[in-house]
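Here's the structure we're looking at; comments come further down.
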Amino acid sequence: MSQPAPRQLFTVTVYSENCVGLLNQVSVIFTRRCLNIEDVSASVSSVPDIHKLTLTTWSDRPTMEKVVKQIEKRIDVLRVFLFTDDDIVYQEISLYKVSTQRLLEEQDLESIIRHHSARILEMTPDYTVIEKTGHPWETEALFDRLRRYDIKQFVRSGRVCVTKSPVEYIDMFLEEQNRRQNGNNDLSD
Amino acid sequence: MKELQEISPENPVSGAEALVRAIIAEDTDTVFGYPGGQILPVYDALYDYTDRLNHILVRHEQGAIHAAQGFARATGRTGVVIVTSGPGAANVVTGLSDAMMDSTPLVVITGQVGAQYLGSDAFQETDVIGITQPITKWSLQVRRAEDINAAVARAFFIARSGRPGPVVLDIARDAQTGIVDTPYRKINFIRSYDPSPVLNKSQIEAAAAIIRQAKRPLILAGQGVAISGAEKALARFAEKASLPVANTLLGLSTIPSDHPLYKGMLGMHGNVGPNHNTNRADVIIGVGMRFDDRVTGLASGYAPDAKIIHIDIDPSEFDKVVASTVAVHADAREALEALTEAVGERSNEEGWLESFDRCARIEDREVFEAELRRKDQAPMTMGEVVATISEATAHDAIAVTDVGQNQMMASRYFRFRSPRSFISSGGLGTMGFGLPASMGAKIGRPDRTVVCFLGDGGFQMTVQELGTIMEYGIGVKIVIMNNNFLGNVRQWQNLFYHRRFSQTPLLNPDFNMIAAAYGIQSLEVRSRAELPAAIEAMLADDKAFLLNIDIDPTDMVFPMTPAGKTVDTIMLSPDIYFTPEMIEKK
């Protein structure tokens, strides 16, 4: 038997039509193979009417290449891309809600915020909301630093990313589709 | 038939009527369905179009979808199903999954509760889109009448193009009762979907270079050949380049059984020659097939010496199970025609083609002898029933099967002259498929004899469709190979579970009395001597007929590659495994 392929964190970006149930169409393909989606974000893309899903999952490359093709097979999906961390610039955002009173007791508040390149979004007598954008290990580091101030709530967004590639493949794809459409005959009798 | 006035603001119609007219506009003349509360407006509209659209009222929604599958597979056209919401929709789920696995073009219309009730657990509401998304090529809920035309146009285009598959349109009641005032237009373009890949010349050239060098090549022809109408192209390619051809289960009848280059069926119960030679081949050419695990056996031991050329229109099949040396993303017919040109004439290693025939002689001696040539008093086998009926129909009938031993025996011993002559639930293996599928096949091809091979188990899973057969006088020839057992499971229990026949014996009713209750002629066949006359009676006219044939319950399907073993591990009987030495010994 050959060695199993090594597991690593993959980022999958899915460009699709903006339609109801798209996320379900994509997620069931992960479910079938018992792949856990670590995080997910959905947003508009740079192209009007085209949506972009970004998902991350731990798996191996042969499996992910099959998953990508199976997602791309869905009718409402335009293109799917598979990345590892080296291929992309990526970030996530975290919010930390902490006790204002505990925070004010801390002498180093300003330096913590500055050191972690975070910022205060909102401060009331009861709570303070701190925001940090960065890589997972950076948002986690701030979490560890703030833990002693009684973190009341914490949330981390899914990953968002753009590629390092100089070529915009989705634009190329759309141009190709335009050519294909213009090449098709009109069906109206 | 009165001329239809085009839908326009001056001539508006209900969403339901627009739906019916759109289905007709897609060259549909037959639909299979069952009415219910949330699809009533569509059934009301159908009432005015019975001269253009033949609605077959089945007895259970599962029967409707399997019938539509049989219709689609026999004709190459899109099968259309109309059912109601909730239980009606849920009852077609098995068929959707089956059609998805077997690439069958279907458009399935499900009624749905009114838009304002969606999500409220309303009466007969179920999440049709959520349920069907993973098992359909595409599905869409339509909530507004003005969206019906576009939805139907997309549905038909998607269902029948590229690798065909089932599509669901879940139509909320509001959309059925609302107003449509625009005419229907077919489409042939969706920007996120490209079903017609342009043939890549470098892929063809790479494949051709490998085939020209091949010493021991083998073509594996699947259902993609039938879907693209590539039967003649396949035969020409094989003939010009001297390539032996084997079929997958669903590929059967894409090449005539008596073609000199046809070497038999692949898979768990396939023929010895193609299975054994798969692992001796140096080039495998898979055409419109997906290297299903029943074909490959243990994938890691599959075709170890072969370069794999994989031709398919669905790129997600490449490297899914078996890694390909060259993947040709194309329509099967286009690819085969281009390869015929590019490869030209070539020859095989001496003895390669003959090696299939040598294997066939061993199979004849070790398997056919016991299955087909039993002596007078011995109990009957399924193989001899199938072979005798094949002979009696001049090998030119459509064979529809259920699932299990009946299916494997039909695939092994029925012979084919014409395309689209074998209809079976391959990927999903749905018991209960056979009877309704045979109805659909006969409705689609009234000019052909349709023989449905069933076991006593599968027959009873959709036996209610005898009512449909009675009502519409559908002339299917129903052959129950009755061993009072769930025979295939029994076979596994016999071979691998120490003969512990857990829950496989069946106490059956009198099937001839059941047939009589539905006004269907039938005969019981208890001995070999009675068989020819019974078959003759069955085929005497074009009416439905049922044969209830006593079969030896110990009859087993051989050869057999046990699950998890390599494709060249072949049992010829419970005690004898095929060995290459058998060939040398003659």
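Things worth noting here:
- Condition check for B:GLY36: buried (at least 19 other Cβ atoms within 10 Å of the Cβ), at pLDDT 95 or above and either under 30 Å from B:VAL403 (Cβ atoms) or not assigned by TED's automatic domain parsing to the domain that holds B:THR449 (or both): yes
- Residue list for the range B:308-335, filter: within 14 Å of another protein chain (Cβ to nearest Cβ) and small (Gly, Ala, Ser): B:SER316, B:ALA323, B:SER324, B:ALA327
- Yes/no for A:SER165 being among the hydroxyl-bearing types (Ser, Thr, Tyr), assigned to a loop (DSSP other than H, G, I, E, B) and without any contact (Cβ under 8 Å) to a residue 60 or more places away in the chain: no
- Only listed residue being part of a helix (DSSP H, G or I), more than 14 Å from every other protein chain (Cβ to nearest Cβ) and of a type in the set (Lys, Arg), chosen from A:ARG145, A:ARG179: A:ARG145
- Within the range B:545-578, if we keep just the residues that are of a type in the set (Phe, Trp, Tyr) and under 24 Å from the mean Cα position of the chain (by Cα), the residue that is nearest to B:THR381 (Cα to Cα) turns out to be B:PHE558.
- Residue within the range B:320-329 that is touching a His at 6+ places or on another chain (Cβ under 6 Å), crowded, with 18+ Cβ neighbours inside 10 Å and either within 26 Å of B:TYR193 (Cβ to Cβ) or hydroxyl-bearing (Ser, Thr, Tyr) (or both) present: yes
- Matching residues, the range B:293-309, being more than 20 Å from B:ARG216 (Cβ to Cβ) and in a helix (DSSP H, G or I): B:ASP293, B:ARG294, B:ALA299, B:SER300
- For first residues located in the range B:14-29 and more than 18 Å from B:ALA175 (Cα to Cα) and small (Gly, Ala, Ser), partners that are crowded, with 24+ Cβ neighbours inside 10 Å and at pLDDT below 95 and lie 6+ apart or on another chain with Cβ distances below 8 Å do not occur.
- For A:GLN181, the requirement of being in contact with a Phe, Trp or Tyr (Cβ under 7 Å, 6 or more places away or on another chain) and among the polar types (S, T, N, Q) is met.
- All positions within the range A:48-66 that are more than 11 Å from chain B (Cβ to nearest Cβ) and farther than 24 Å from B:SER139 by Cβ: A:PRO48, A:THR54, A:THR56, A:THR57, A:TRP58, A:SER59, A:ASP60, A:ARG61, A:MET64
- Candidate set: the range B:166-190, residues that are touching a strand residue (DSSP E or B) at 6+ places or on another chain (Cβ under 7 Å) and within 30 Å of B:GLY288 (Cβ to Cβ); chosen: the one nearest to the other protein chains (Cβ to nearest Cβ): B:VAL167
- Pairs, first more than 13 Å from chain A (Cβ to nearest Cβ) in the range B:294-307, second assigned to a helix (DSSP H, G or I), C-beta under 6 Å, six or more apart: B:TYR302/B:THR296; B:ALA303/B:THR278; B:LYS307/B:ILE210
- Failed criterion for B:PRO134 (all others in (1) surrounded by fewer than 20 Cβ atoms within 10 Å (Cβ to Cβ); (2) within 14 Å of another protein chain (Cβ to nearest Cβ); (3) closer than 22 Å to B:ALA16 by Cβ hold): (3)
- When the residues of the range A:67-85 are filtered to those that are among the charged types (D, E, K, R) and touching a residue at least 12 places away in the same chain (Cβ under 8 Å), the one that is nearest to the other protein chains (Cβ to nearest Cβ) is A:ASP76.
- Scoring B:GLY473 on the criteria (1) in contact with a helix residue (DSSP H, G or I) (Cβ under 8 Å, 6 or more places away or on another chain); (2) farther than 23 Å from B:ALA394 by Cα leaves a single failure, condition (1).
- Pairs meeting the criteria (first residue in the range A:52-66 and within 19 Å of A:ARG159 (Cα to Cα) and assigned by TED's automatic domain parsing to the domain that holds A:ARG32, second residue among the aromatic types (Phe, Trp, Tyr) and part of a helix (DSSP H, G or I), beta carbons under 7 Å, at least 6 apart or on different chains) are A:THR57/A:PHE30.
- Top-ranked residue of the range B:330-352 - restricted to ones that are in contact with a strand residue (DSSP E or B) (Cβ under 8 Å, 6 or more places away or on another chain) and in a loop (DSSP other than H, G, I, E, B), ranked as surrounded by the fewest Cβ atoms within 10 Å (Cβ to Cβ): B:ASN348
- Of the strands (runs of 3 or more DSSP E) lying entirely inside the range B:42-140, the ones with 3 or more residues being touching a helix residue (DSSP H, G or I) at 6+ places or on another chain (Cβ under 6 Å) are found at B:79-83, B:106-112.
- Count of the range B:141-165 residues which are within 12 Å of chain A (Cβ to nearest Cβ), surrounded by 24 or more Cβ atoms within 10 Å (Cβ to Cβ) and in contact with a helix residue (DSSP H, G or I) (Cβ under 8 Å, 6 or more places away or on another chain): 2
- Subset of the range B:82-131 [acidic (Asp, Glu), touching a residue at least 12 places away in the same chain (Cβ under 8 Å) and surrounded by fewer than 20 Cβ atoms within 10 Å (Cβ to Cβ)]: B:GLU125
- Residue in the range A:1-39 that is farthest from the other protein chains (Cβ to nearest Cβ), counting only those that are closer than 26 Å to A:LEU174 by Cα and part of a loop (DSSP other than H, G, I, E, B): A:ASN18
- Unique match (being outside the structural domain of B:MET268 (by TED's automatic domain parsing), in contact (Cβ under 8 Å) with a residue 40 or more places away in the chain and under 21 Å from B:ALA299 (Cα atoms)) among B:LYS543, B:LYS565: B:LYS565
Every residue, every condition in (1) modelled with pLDDT of 95 or more; (2) among the polar types (S, T, N, Q); (3) assigned to a helix (DSSP H, G or I), yes or no:
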position: B:SER355; (1), (2), (3): yes, yes, yes
position: B:CYS359; (1), (2), (3): yes, no, yes
position: B:GLU363; (1), (2), (3): yes, no, yes
position: B:VAL367; (1), (2), (3): yes, no, yes
position: B:ALA370; (1), (2), (3): no, no, yes
position: B:GLN377; (1), (2), (3): no, yes, no
position: B:GLU384; (1), (2), (3): yes, no, yes
position: B:ALA387; (1), (2), (3): yes, no, yes
position: B:ALA394; (1), (2), (3): yes, no, no
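The values are calculated or read from the model by the stated rules, or taken from the named source; none is laboratory data. Every value quoted in this text rests on a predicted model; they were computed, and no experiment measured them. Positions of Cβ are backbone-derived with ideal geometry, glycine not excepted, and every protein chain shown enters the neighbour counts.
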